[in-house]
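Notes to accompany the following structure.
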Amino acid sequence: MQTVSQLVPLRSAVDALKADGLLALVPTMGALHEGHLTLVREARRQAAHVAVSIFVNPRQFGANEDLGAYPRQLERDSRLLEGEGVSLLWAPTAEAMYPAGYATNVSVEGVSSGLCGDARPGHFDGVATVVCKLFNQVRPDLALFGEKDWQQLAVIRRMARDLDLTLPHVDRIIGVPTVREADGLAMSSRNAYLSAAQRAQAACLPRAMQTAIAAMRAGTAYAAALEALQAELLAGGFSSIDYAQVRGADSIGLQDGPGEEPGRLFVAARIGGTRLIDNMPV
C-alpha cells in the first residue's frame, strides 16, 4: 500500500492505478472500525484498486463540536487498510487540503435542510466541499459511503448530479448498508466516547426505532409513534434528542404519514456528551 500526503505524488499514484483498472474511493476521517472495513471490502469487490482517504475535516465541525477530541489513529488505521489489500492511502495534511488563502465553499440546498443540517449548521457545506475536493483529487471511478449517514449520502449525490461530476458519476456513488454491533447499535467512531454503562444504554436507540417503525407499519399515527420513541430513549438513559422524524429517502422532506416516496426514520440523540445518529427504512 502506498501512502501519500501531498497532491503531486497523489496524482502520479492515481494515474498508475487507473491505468490498471477501475479505482474505488472510500472517504473516511479515520478511527476505522468494521463499518469502514466493510466499505473497503465492497470496494475491492467492485474495482481493481481501492483508495482510502483519511482526513479529519475541520470544515464539517461546529465551534463547540469534537474536532480536537476526534480520534486520530493513522498508524493503526494504516495497518488495517494494508491488511485489507488497499492500494493507496491518501492522508493529506490540513495545509494540502486547504492551502493558505483558501476561499471556496460548496453548498447544497434542499437535502441539506433539516435533521443534521439544522442541528449542525454548516456541517454539510463542509462535507460537500471536502468530498468534491476528494473526487477531484483522486478521480475515482466509484465511491462508497455508509448508509448510517443517509443525509450525507443524499447531499453528496445531489452535489454530483448538480455539478455534472463524472468521476464518479452520481450512479457510481454507492451506499452500503449500516454495519451494526450484536445488540443493534450502528457502528461509529464516536461510540468509543461511551463509558461501559453508556454503551449498554445506547442499545436502546435501535430497539426504540424498531418499535416505532413496527407501530407505524401497524397503523399508529407517525406523531404518536415518534412521541413514544422519544419517551423510550429518555427513559433508557439518553439525555436529550436532537430529532426523531420520518423523511423521504430521496428528498429528505418531512413525512407525517405514508406517501409515494419511501420513508426513513431518522434519529439523533445524546447520551452523556456523545451524539449518536441512526436511520432505518419505514
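Using just the alpha carbons, could you tell me how many Å³ per residue the convex hull of segment 1-160 encloses? Mind showing how you got there, number by number?
Values: hull volume 17.8 nm³, N = 160.
It comes to 111 Å³ per residue, whole-number rounded.
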Using alpha carbon centroids, what distance separates segment 1-20 and segment 200-226, in Å? 46
The farthest towards the positive end of the charge dipole of segment 189-277, of the residues ILE213, GLN198, PRO262, given +1 on Cβ of Lys and Arg and -1 on Cβ of Asp and Glu, is GLN198
Using DSSP, restrict attention to beta bridges with both residues in the chain and report what percent are antiparallel, rounded to the nearest 5. 50
Stokes-Einstein, Kirkwood over Cα pairs, the chain, 37 °C, 0.692 mPa s; D in µm²/s equals 167
When all alpha-carbon pairs of segment 189-277 are counted, what percent fall beyond 14 Å? 62
Going by C-beta contacts inside 10 Å, put SER107, SER189 in order with the fewest on the left. SER107, SER189
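Rounded, prolate or oblate: which fits segment 164-224 when a ≥ b ≥ c are the square roots of the eigenvalues of the alpha-carbon gyration tensor, with rounded for a/c under 1.5 and prolate only if a/b beats b/c? Let's see the in-between values first.
Numbers: a/c = 3.20, a/b = 1.28, b/c = 2.50.
It comes out oblate by the Cα gyration axes.
Most exposed first by the Cβ proxy, i.e. fewest other Cβ within 10 Å, how do GLU181, GLU260, GLU34 rank? Please report the intermediate quantities before stating the final value.
Numbers: GLU181 17, GLU260 5, GLU34 13.
Ascending number of Cβ neighbours within 10 Å: GLU260, GLU34, GLU181.
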Which whole-number percent gives the relative contact order of segment 2-176, counting Cα pairs below 8 Å spaced six or more residues apart? 28
Calculate the tail of P(r) for segment 200-248: the fraction of all Cα-Cα distances greater than 16 Å, expressed in %. 33
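We did not get these values from a lab; they are worked out from the coordinates using the rules stated. Quantities reported herein were computed from a predicted structural model and do not represent experimental measurements. Neighbour counts are summed over all protein chains in view; Cβ atoms, including those assigned to glycine, are modelled from backbone coordinates with ideal geometry.
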